[in-house]
Amino acid sequence: MKSLIVNADDFGLTEGVNRAILDGHRKGIITSTTLMANGMAFEPAVAVSSAVPTLGVGVHLNLTQGRPICTASQVPTIVTSEGSFYPSPGILAQRILARKVELGHIENELRSQIQKIASAGIRITHLDGHKHIHLLPPIFNVVVRLAREFGIQCVRCPIEPARGALGPLRSGHPGWPRMAKQYLLARALSSLAGWQAEKVAKAGLHRPDHFYGLSQTGFLDRGLLERMILEVPEGTSEIMCHPGYVDEALLRTRTRLRTQRETELEALTNPRIRQLVRELGINLISYGKLPMTKGPTPSKCDEPVQEAI
């Protein structure tokens, strides 16, 4: 059986992103999302998700955007003098290598993010990282430990196949230099994820067998999405996406994904894409169903999202 998770990152970032993720779930193929505990639109995201039980919700662990859940004085080595996170994974990685970061501060902050979401009544399906910050080896060890502590069964390991990741470069898009840069970043992240996969297995946690969407970040459209769906193999797969509506709040946010988010939403809700999923017999699931696919094969009737497509 081919089972596919379509996960929308950045739930809670802005209300426009929240609306787009819900539209992509109700009208398209999104099955799962990950919530930012420190997002500007966290409370609205929690409120609407309670009314949509078929949308799986995980935690989008964040150490690079906005302000921490902990007070700055509780986590001084991971924030600037203004009390905000350092603005990129590269800066944080350099500080970790220079031993300027106390891993206890990272653990306290990530635990607080998970606890905030759990306390809001969310049944957490999995953990992943904003800008994939969770893949840094010292941080990944913390993430695995916290997953076990909170009884969370799944962690994202974005190991993207190199051949399939060439799709954007083969598309003839005029932005190919940026695509080439994203492809190289995707290869590096995939290597990091490959090193971490064994830790997931040893901890008794779960991850999809296959992953897509790293190289397509910033370029995902209907054509690339269709190509990814056609390549979905047997087993479990995840496609990562970033839908959103452009509004004033998004324009004020530190993100390179703005109008691209609406392009992604158009692809995710396109009738042809929905039809293709049906024709290929792909079972759409959320991360909450992933552990079941590693044991007895689930029936399609177990997943409400599939019936809506």
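The values are calculated or read from the model by the stated rules, or taken from the named source; none is laboratory data. Keep in mind the model is a prediction, meaning the values are calculated, not measured. A quick note on method: Cβ atoms are made from the backbone with ideal geometry, for glycine too, and the neighbour counts reach across all protein chains shown.
Please go through segment 63-84 and pick out each residue that is in contact with a strand residue (DSSP E or B) (Cβ under 8 Å, 6 or more places away or on another chain), assigned to a loop (DSSP other than H, G, I, E, B) and surrounded by 17 or more Cβ atoms within 10 Å (Cβ to Cβ).
Hits for segment 63-84 are Leu63, Thr64, Gln65, Gly66, Pro68.
Out of all the residues in segment 85-130, which are charged (D, E, K, R), touching a residue at least 60 places away in the same chain (Cβ under 8 Å) and crowded, with 20+ Cβ neighbours inside 10 Å?
Asp128
Spot the failing condition for Leu22; the list is (1) in contact with a Leu (Cβ under 9 Å, 6 or more places away or on another chain); (2) within 18 Å of His130 (Cβ to Cβ); (3) surrounded by fewer than 24 Cβ atoms within 10 Å (Cβ to Cβ); (4) not polar (S, T, N, Q), and only one is missed.
So Leu22 meets the others, but not (2).
Quick one: would you say Thr34 is of a type outside the set (A, V, I, L, M), surrounded by fewer than 21 Cβ atoms within 10 Å (Cβ to Cβ) and touching a His at 6+ places or on another chain (Cβ under 6 Å)?
Spelling it out, it is not the case that Thr34 is of a type outside the set (A, V, I, L, M), surrounded by fewer than 21 Cβ atoms within 10 Å (Cβ to Cβ) and touching a His at 6+ places or on another chain (Cβ under 6 Å).
On the given criteria, is Leu185 of a type in the set (A, V, I, L, M, F, W, C), assigned to a helix (DSSP H, G or I) and either modelled with pLDDT of 90 or more or surrounded by fewer than 21 Cβ atoms within 10 Å (Cβ to Cβ) (or both)?
Spelling it out, Leu185 is indeed of a type in the set (A, V, I, L, M, F, W, C), assigned to a helix (DSSP H, G or I) and either modelled with pLDDT of 90 or more or surrounded by fewer than 21 Cβ atoms within 10 Å (Cβ to Cβ) (or both).
Does segment 48-84 hold any residues that are without any contact (Cβ under 8 Å) to a residue 40 or more places away in the chain and polar (S, T, N, Q), and which are they?
Thr71, Ser73, Gln74, Thr77, Thr80, Ser81, Ser84
So if I check each of Thr269, Thr236, Thr255, Thr297, which one is at pLDDT below 95 and either crowded, with 20+ Cβ neighbours inside 10 Å or within 21 Å of the chain's Cα centre (by Cα) (or both)?
Result of the check over Thr269, Thr236, Thr255, Thr297: Thr255.
Which ones in segment 17-47 are touching a residue at least 24 places away in the same chain (Cβ under 8 Å), assigned to a helix (DSSP H, G or I), under 22 Å from Ser112 (Cα atoms) and of a type in the set (A, V, I, L, M)?
Ala45, Val46
Only one of (1) in a helix (DSSP H, G or I); (2) of a type in the set (Ser, Thr, Tyr); (3) in contact with a helix residue (DSSP H, G or I) (Cβ under 6 Å, 6 or more places away or on another chain) is not met by Ser112, so which one is it?
Only one criterion in (1) in a helix (DSSP H, G or I); (2) of a type in the set (Ser, Thr, Tyr); (3) in contact with a helix residue (DSSP H, G or I) (Cβ under 6 Å, 6 or more places away or on another chain) is unmet by Ser112, namely (3).
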